[in-house]
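Just so it is clear, none of the values below were taken in a lab; they were calculated from the coordinates. These figures come from a predicted structure and were not determined experimentally. FYI the Cβ positions are ideal-geometry reconstructions off the backbone, even for glycines, and counts take in every protein chain you see.
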Amino acid sequence: MKKLWVYLLIGIVMLLTVSAFATYKIAFIPKLVGIPYFNAMEAGGKRAAKDLGVEFIYTGPTTDSVAKQIEIIDNLITKGVDAIAVAPNDPAAITPIMKKAKEKGILVLTSDTDGAEGVRELFVNQARAKDIGYTVMDVVAELMDYKGKFAIVSGGPTAWNLNTWIMYLQQRLAEYPDIELVTIRYAGEDVQRAVDVGLSVIQAFPDIKVIVGMNSTSAPGVAEAVELAGKVGQIWATGITVPSMMKEHMKKGSVKKFVLWDPENLGYLTVWAAKYLLDGNEFPANTPIDVPGIDTKPIYYPETKELVLGPPLVFTPENIDKYNF
Amino acid sequence: MELKKIIKSRELTVGLVMIGLIVFFSLSSERFLTTNNIKNILLQVSSIGVASIGMTMIIITGGIDVSAGSILGIVAVTLGKAATNGFPAWLSIILGILVGLALGSVNASFIALLGIPPIIVTLGMMSLLRSLAYTFLGGRWIASLPGAVRWMGLGKILNVPVPIWLTIILVAYFSYFMRYRPLGRYIYAVGNSLEAARVSGVDTKRILFFVYALAGLMYGIAGAIVVGRAGIVQTNTGNNFELQVIAATVLGGTSILGGKGTIVGSILGSLLVAVLSNGLILLNVPALTEGLIIGVLILGSVAIDVIKNRGEE
């Protein structure tokens with residue numbers, strides 16, 4: 001009998017030690033693994049995990065598969081983690097599985113792309129869609145000296161975030177009376193297709209001054225098209241993409257400016273925010289928050305429960321060499 | 001070919017539809033029928049056209065290859081990795097193409113030697129090779145390829161881009177091959193009836209092996225064209241490529257039931273899609289209708305094919 005008490009005591013002590021050393025397990029599931037953008041987010045998440053002393057799990061599908069993403073979240077629930085952050089491939093389809101996670105006491109967040117509305121605790125937003133759309137339009141206007149025609153090549157026609165950015169871009173366009181948007185085409189997530197669509201657009205509208213690639217593959221694709229068509233100096237290519245895809249085109253003179261945010265910082269902020277909430281804190285509303293480790297001051301909007309990284313970043317030949325994603 | 005056969009052929013139907021589209025687009029936009037634009041369209045067709053040579057032969061044997069896009073992806077990765085690791089451009093290109101041939105031969109071994117159904121083998125390869133491409137690149141895209149390695153996409157001979165030369169030469173040679181060389185005729189024989197071909201002394205295993213290995217070689221060449229044109233190797237380079245190639249092949253009259261089809265037909269099929277997507281941009285038709293029109297064309301032409309063949313049996 002005495003022995004039993006000793007064992008029990010040892011057991012309790014062990015349990016206490018384990019829980020004292022146990023660190024939060026924070027998982028991030030990107031839309032797909034293997035693209036530079038999400039690699040940068042992974043790097044940021046890892047850096048935050050090191051700074052904050054938490055465990056960071058990065059896992060996702062190899063294609064932008066909705067079903068696979070749900071399966072991965074399900075596995076994480078079984079495995080037992082403290083927080084799950086997702087960049088959903090389908091904002092609505094992940095709602096049930098996120099609900100299940102939440103019922104198991106897991107903190108559920110979205111990052112990069114919103115989804116699971118009404119279920120997720122927080123959306124870590126890289127930049128507000130409005131700011132992105134407006135910034136791209138402002139860059140376009142500046143490139144053509146506030147007068148002329150331009151065209152857009154987007155990714156998938158059903159990509160919600162791309163369409164929202166285009167909507168805000170057009171809203172801003174109304175403030176530039178001398179600028180005309182001649183066409184919007186779609187090229188999917190395929191550089192070669194973006195080159196082909198870009199060439200056709202330049203053929204159809206030879207008098208455009210700017211061509212915009214709205215996603216990470218279309219922007220370098222349209223830049224390539226401008227070079228192939230021999231229009232360097234007459235047509236500027238720009239858009240939203242990672243700097244490593246545009247460096248070469250900047251050198252060749254088809255690109256002067258383009259827009260993105262810092263996905264490394266976004267990954268950092270996602271992990272930081274998860275830990276902040278797991279610790280039982282609440283974000284101060286509508287004021288810039290000091291986050292050691294990143295170089296913007298995020299703002300929390302309580303009405304939509306979103307934490308915004310900051311204004312988008314405009315890349316120029318002057319600052320591009322600072323970024324290696 | 002007798003006149004009746006020509007009139008009944010899908011090649012003629014697709015050709016006529018295309019001529020109709022070309023006339024319509026040229027009347028609607030003076031920018032359509034220009035040297036520049038014809039070059040754009042032919043360039044757009046080149047990689048799909050070259051790959052469809054292999055796919056046509058495969059489908060004629062009654063098979064299918066859904067691993068084309070993943071093989072193209074590995075070719076692109078090999079080429080990109082070699083070129084950015086100090087290999088000379090010509091060697092990188094050759095290495096990439098040879099990897100295509102090697103992977104085609106892997107398909108060929110499973111299908112011809114072990115007798116596993118093509119859809120199973122190529123489905124497995126599709127998924128396996130895509131993960132492999134991801135593993136090799138470690139998630140990083142290759143963006144700054146040296147200029148020389150892009151020759152297969154950007155180079156010019158007599159002011160005509162290399163991809164267009166490649167497409168014309170390969171299509172011409174393999175059309176001749178399919179029509180006049182014994183091996184070419186055997187491919188049709190295997191597709192009409194594997195058993196009958198075997199009984200009449202055709203080495204059917206050899207034929208099947210040849211077809212899948214050659215297709216791998218064609219994907220290799222197509223991959224070198226894609227890398228040359230895009231200048232970027234993505235982890236997902238070649239994603240959905242197989243669907244475009246199969247669509248062009250089936251649209252061009254190759255029967256999914258096997259035994260029937262021509263390479264020229266497949267080229268016409270891919271040209272039709274390219275002319276349509278280019279023309280719709282020139283006319284500034286809303287982009288969302290493009291997929292709709294192409295889908296209707298494919299479904300319609302396959303339906304006609306099935307109905308026509310039913311009548312004959």
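Structure summary
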{"quantity": "Whole-Hz ³J(HN,Hα) from phi, Karplus 6.51 cos²θ - 1.76 cosθ + 1.60, for the stretch B:244-259, glycine and proline x", "calculated": "5, 5, 5, 4, 4, 5, 5, 4, x, x, 6, 6, 5, 7, x, x"}
{"quantity": "Distant-in-sequence amide H partners of residue B:260 (H built 1.01 Å from N, under 5 Å)", "calculated": "B:255"}
{"quantity": "Theoretical gain in end-to-end length, residue A:142 to residue A:207 [0.36 nm per residue, Cα-Cα removed]", "calculated": "21.7 nm"}
{"quantity": "Neighbour count of at most 16 Cβ within 10 Å plus DSSP loop: longest trypsin sites (Lys or Arg not before Pro)-free window in chain B", "calculated": "B:141-313"}
{"quantity": "For the stretch A:129-259, alpha-carbon Rg and Dmax in angstrom", "calculated": "12.8, 34"}
{"quantity": "Most positive-pole-ward Cα, A:157, A:108, A:293, against dipole of chain A from beta carbon charges", "calculated": "A:108"}
{"quantity": "J(HN,Hα) series, the stretch A:117-131, from Karplus relation 6.51 cos²θ - 1.76 cosθ + 1.60, nearest Hz, glycine and proline x", "calculated": "4, x, 9, 5, 7, 7, 10, 8, 9, 5, 5, 6, 3, 4, 4"}
{"quantity": "Modelled FRET efficiency - R0 45 Å, residue B:131 with residue A:6, Cβ distances, 0.05 increments", "calculated": "0.30"}
{"quantity": "Counted charge near residue B:210, where neighbours are those whose Cβ lies closer than 12 Å (Asp, Glu -1; Lys, Arg +1)", "calculated": "+2"}
{"quantity": "Loop GluC sites (Glu not before Pro), the stretch A:257-325, which have at most 16 other Cβ atoms in a 10 Å radius of their Cβ (DSSP)", "calculated": "A:282, A:303, A:318"}
{"quantity": "Equivalent-ellipsoid semi-axes of the stretch B:59-141, from the Cα gyration tensor, Å, largest first", "calculated": "26, 14, 9"}
{"quantity": "Shielding by other protein chains, A:156-162, mean Cβ within 10 Å", "calculated": "1"}
{"quantity": "The stretch B:49-283 - Kirkwood radius from inverse mean 1/r over Cα pairs (Å)", "calculated": "17.9"}
{"quantity": "Rel. contact order, % - alpha carbon contacts under 8 angstrom, at least six apart, the stretch A:129-259", "calculated": "26"}
{"quantity": "Long-range amide H partners of residue A:34 with built H, under 5 Å", "calculated": "A:39"}
{"quantity": "Average partner coverage of A:221-232, which counts Cβ from other chains inside 10 Å", "calculated": "2"}
{"quantity": "FRET E, pair residue B:159, residue A:71, Förster distance 56 Å, beta-carbon r, rounded to 0.05", "calculated": "0.60"}
{"quantity": "For chain A, the fraction of alpha-carbon pairs in successive 10 Å shells from zero, as %", "calculated": "6, 25, 30, 21, 11, 4, 2, 1, 0, 0"}
{"quantity": "GNM top mover of A:75, A:161, A:39 - chain A, alpha-carbon springs below 10 Å", "calculated": "A:75"}
{"quantity": "Calculated from backbone phi, Karplus (6.51, -1.76, 1.60) coupling profile of the stretch A:222-237 in Hz, x at Gly/Pro", "calculated": "6, 5, 4, 4, 4, 5, 4, 7, x, 10, 4, x, 9, 10, 8, 9"}
{"quantity": "Net dipole in debye of the stretch A:129-259 [+1 Lys, Arg Cβ; -1 Asp, Glu Cβ; about Cα centre; nearest 20]", "calculated": "160"}
{"quantity": "Where only C-alpha atoms are counted, convex hull volume of the stretch A:1-153 per residue in Å³", "calculated": "153"}
{"quantity": "Angle in degrees between helix A:160-173 and the longest Cα principal axis of chain A, rounded to the nearest 10", "calculated": "50"}
{"quantity": "Total formal charge among the other residues, if their Cβ is under 9 angstrom from that of residue A:69, Lys/Arg +1 and Asp/Glu -1", "calculated": "-1"}
{"quantity": "Chain A, relative contact order in percent, only Cα pairs under 8 angstrom and at least six apart counted", "calculated": "18"}
{"quantity": "Interchain or long-range residues, amide H under 5 Å from residue A:186's placed H", "calculated": "A:154"}
{"quantity": "Compactness of the stretch B:229-302 as Cα Rg over 2.2 N^0.38 Å, two decimals", "calculated": "1.23"}
{"quantity": "Cα-based equivalent ellipsoid, the protein assembly as shown: semi-axes from gyration tensor eigenvalues, Å", "calculated": "47, 33, 21"}
{"quantity": "Volume of the Cα convex hull of the stretch B:26-69, divided per residue and given in Å³", "calculated": "101"}
{"quantity": "Too-long pairs where the Cα-Cα distance tops 24 Å, listed order kept, from A:68/A:99; B:81/B:205; A:68/A:275; A:25/A:104; A:147/A:247; A:147/A:256", "calculated": "B:81/B:205; A:68/A:275; A:147/A:247"}
